[in-house]
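Visitor: I am attaching a structure below and will ask some questions about it afterwards.
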Amino acid sequence: MLNNFTKLQLTQLANDMASGFSIVKYNHVLYLPVNYTTRQFDPALTPEDRVWIPLPMQQVLNLASQTSKVMFYSEGEKSSFYGMVEQAAQYATGTPGTVLLVKDGKLAELRADGALHPPTHDFCPHFIATPVNDDPDAKAGVLATMTEWLDDSEENAVSLLAHIATALAPHWSAVKYVLLIGEGRNGKSVLMKMILSLLGEHNISHVTRQDMSASKSTCLDLQGRLANIVFDGPASYLKDSGPEKSLIAGETTPIRRLYSSLVTPVQSNALFIEGLNREPKTGDKSLALQKRLVRYQFTRTYELDYGFEHHMLSPATLGAFLSLLLDHYVQQREVHTKLRPTQSSTMLQLEQMHTNSMPLQFIDWFDEDDALGVEGLIGELIPDVVAKFKQWRLVEMGDINVWADKDVEQMLVPLFTTDRKSKRINGRVRKVRVITGFRQQLDQFIEYLRGEEEAHDHASGSGTTVVDEAELLHGAEPASAE
């Protein structure tokens, strides 16, 4: 029978639990030492058999209920008791970048060089219980399945493996959020279940982009995780992506706990991966967010097959999956090569940017409407392009809202390279901003619009296009480029 405890009794219990279970605290997370084969606490645990697993608040409360028959009468008391255990726990220092794995029936330590080493037996906050399986046939089968899911593209499969492998490097952030896009029964849910089963629930959080954007207390669960998996991401609008961008980038973000006026600094280098039927729109139109999002399209549809799913989630297959991830381990200096977006991923990014960006929709319309295509904007004054944008919104889109020139200019200017030029206006020389070329983002978008053949002709000159001074200045002196 469970009983209520007084404050003094709860304080004593918190101290007894912290010392009796050898609970340690690292980076605002509690950890419990357990046997790596049974994953159970053992008072006689030897360093050779010891690993550490995260101890979230619910498990702390369960331990209190099981060992001392405690009944907590409010959520506030639960939070207060967890805080007392946290204070009583011993502080630990860890070796950055290490993960404990099981290889050939023994513990091995995966270090920042991507190789397995004998364990040092120092505190390590990350443990993967699935044994490594180096069978080449099993590994080839996993790779072939992933390739089929991704429209028979081995390039996409290898790229996705490299992104997933960043979960094995907890000492740095890949600054990527992987989106698996497609309708149901196409493999993306099976892949995410494989990651979940491989890494273990103790290494996984399930915080949505919407919760991150709103800085909800659920973001505290990101601390100390190897991966954050959202199986069926909501398609609701994302108004603010500032906290989301910070968390994806591994930057420290203050999050307020429930029932507390204080904030906890949350920092995570986890792999962020989410399954979606369709991608939500966002209020952030910046390229910074788009560079963090990496998209993979699952194009095929399969019949429901539990036998196949059980095979993919079997220990042998998961071990082969882990071996593949070790083969594609990404060191921090290899980001620009191994995590470079594939062509199809880039096209998916540009498609979403078109859906989410009015300036790019304007470019799309202008490229079709103007006889010179989008190249007709070269040499135009920014105020003139702003006026064309406003006319497009009014006439073509039926938008009767009043657009401030400065607001439109802020949206359009990041797409172009510009110079400050001198131009005679109403008999007086003025400094005006003139479009001289296209930035890489716009070049890629034009390639997306036109296809490879036409875009090749465009790309050969657009990125370095410079406006002829004589046509623009009418004899006036040019100013230096801005």
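Visitor: Could you tell me whether any residue of region 207-217 is basic (K, R) and over 23 Å from P341 (Cβ atoms)?
Guide: Of the residues in region 207-217, the ones basic (K, R) are 209, 216.
Filter once more, keeping what is over 23 Å from P341 (Cβ atoms): 216.
Within region 207-217 (the criterion being basic (K, R) and over 23 Å from P341 (Cβ atoms)), the answer is yes, since at least one residue qualifies.
Visitor: I want to confirm something. Restricting to region 399-431 and keeping residues that are among the small types (G, A, S) and either under 30 Å from the mean Cα position of the chain (by Cα) or surrounded by fewer than 16 Cβ atoms within 10 Å (Cβ to Cβ) (or both), which single residue is modelled with the highest pLDDT? Give the derivation first.
Guide: Narrowing region 399-431 to residues among the small types (G, A, S): 404, 422, 427.
Add one more test, that the residue is either under 30 Å from the mean Cα position of the chain (by Cα) or surrounded by fewer than 16 Cβ atoms within 10 Å (Cβ to Cβ) (or both), and what stays is 404, 427.
Numbers: A404: 92, G427: 77.
Per the stated criteria, the residue is A404.
Visitor: Kindly list the number of the only condition in (1) buried (at least 19 other Cβ atoms within 10 Å of the Cβ); (2) touching a strand residue (DSSP E or B) at 6+ places or on another chain (Cβ under 7 Å) that fails for K103.
Guide: Checking K103 against (1) buried (at least 19 other Cβ atoms within 10 Å of the Cβ); (2) touching a strand residue (DSSP E or B) at 6+ places or on another chain (Cβ under 7 Å), the one that fails is (1).
Visitor: I would also like to ask the following. Looking for something out of contact with any His (no Cβ under 9 Å at 6 or more places or on another chain), surrounded by fewer than 20 Cβ atoms within 10 Å (Cβ to Cβ) and not polar (S, T, N, Q) - is there at least one such residue anywhere in region 160-172?
Guide: Looking through region 160-172, at least one residue is out of contact with any His (no Cβ under 9 Å at 6 or more places or on another chain), surrounded by fewer than 20 Cβ atoms within 10 Å (Cβ to Cβ) and not polar (S, T, N, Q).
Visitor: Hey, among the residues in region 336-354 that are hydrophobic (A, V, I, L, M, F, W, C) and touching a Phe, Trp or Tyr at 6+ places or on another chain (Cβ under 9 Å), which one's modelled with the highest pLDDT?
Guide: L348
Visitor: Condition first: among the acidic types (D, E) and either assigned by TED's automatic domain parsing to the domain that holds G224 or under 30 Å from K106 (Cβ atoms) (or both). Can you find one or more residues in region 67-78 that meet it?
Guide: There is no residue in region 67-78 that is among the acidic types (D, E) and either assigned by TED's automatic domain parsing to the domain that holds G224 or under 30 Å from K106 (Cβ atoms) (or both).
Visitor: Please enumerate the residues belonging to region 117-133 that are part of a strand (DSSP E or B) and free of Cβ contacts under 8 Å to residues at least 60 places away in the same chain. Even if it seems obvious, please write down each step before you answer.
Guide: Initially, region 117-133 is screened for residues part of a strand (DSSP E or B), giving 117, 127-131.
Passing the criteria: only H117.
Visitor: Hey, another quick one. Evaluate region 255-263: report whether one residue or more is assigned to a strand (DSSP E or B) and either within 16 Å of Q210 (Cα to Cα) or of a type in the set (K, R) (or both). Explain how you work it out, then say what you get.
Guide: Of the residues in region 255-263, the ones assigned to a strand (DSSP E or B) are 255-256, 263.
From what is left, the residues that are either within 16 Å of Q210 (Cα to Cα) or of a type in the set (K, R) (or both) are 255-256.
Yes, because at least one residue in region 255-263 is assigned to a strand (DSSP E or B) and either within 16 Å of Q210 (Cα to Cα) or of a type in the set (K, R) (or both).
Visitor: I would also like to ask the following. Kindly list, by first and then second residue, each pair from a residue in region 8-37 that is under 23 Å from L222 (Cα atoms) to a residue that is surrounded by fewer than 20 Cβ atoms within 10 Å (Cβ to Cβ) and of a type in the set (V, I, T), limited to pairs with Cβ atoms under 6 Å and residues at least 6 apart or on different chains.
Guide: H28/T264
Visitor: Here's something else I'd like to know. Would you list the helices (runs of 4 or more DSSP H) that sit entirely within region 284-335 and hold 1 or more residues that are at pLDDT 95 or above, within 21 Å of D152 (Cα to Cα) and β-branched (V, I, T)? Please lay out each step first, then the result.
Guide: Values: elements: 287-292, 306-312, 315-327.
Those helices (runs of 4 or more DSSP H) span 315-327.
Visitor: Pick out, from region 156-250, the helices (runs of 4 or more DSSP H) lying fully within it that include 2 or more residues that are out of contact with any helix residue (DSSP H, G or I) (no Cβ under 7 Å at 6 or more places or on another chain).
Guide: On the way: elements: 188-199, 209-213, 242-248.
Because the criterion is at least 2 residues that are out of contact with any helix residue (DSSP H, G or I) (no Cβ under 7 Å at 6 or more places or on another chain), the helices (runs of 4 or more DSSP H) in region 156-250 that meet it are 188-199, 242-248.
Visitor: Let me spell it out: the conditions are (1) closer than 30 Å to G242 by Cβ; (2) surrounded by fewer than 17 Cβ atoms within 10 Å (Cβ to Cβ), and E155 meets all of them except one. Which number is the exception?
Guide: (1)
Visitor: Still on this model: Can you find a residue that is basic (K, R) and in contact (Cβ under 8 Å) with a residue 24 or more places away in the chain anywhere in region 331-339?
Guide: Our first condition is that a residue be basic (K, R); within region 331-339, this holds for 333, 338.
From what's left, in contact (Cβ under 8 Å) with a residue 24 or more places away in the chain: 338.
Yes.
The values are calculated or read from the model by the stated rules, or taken from the named source; none is laboratory data. This structure is a prediction, so every number in the text was calculated from the model and none was measured. A quick note on method: Cβ atoms are made from the backbone with ideal geometry, for glycine too, and the neighbour counts reach across all protein chains shown.
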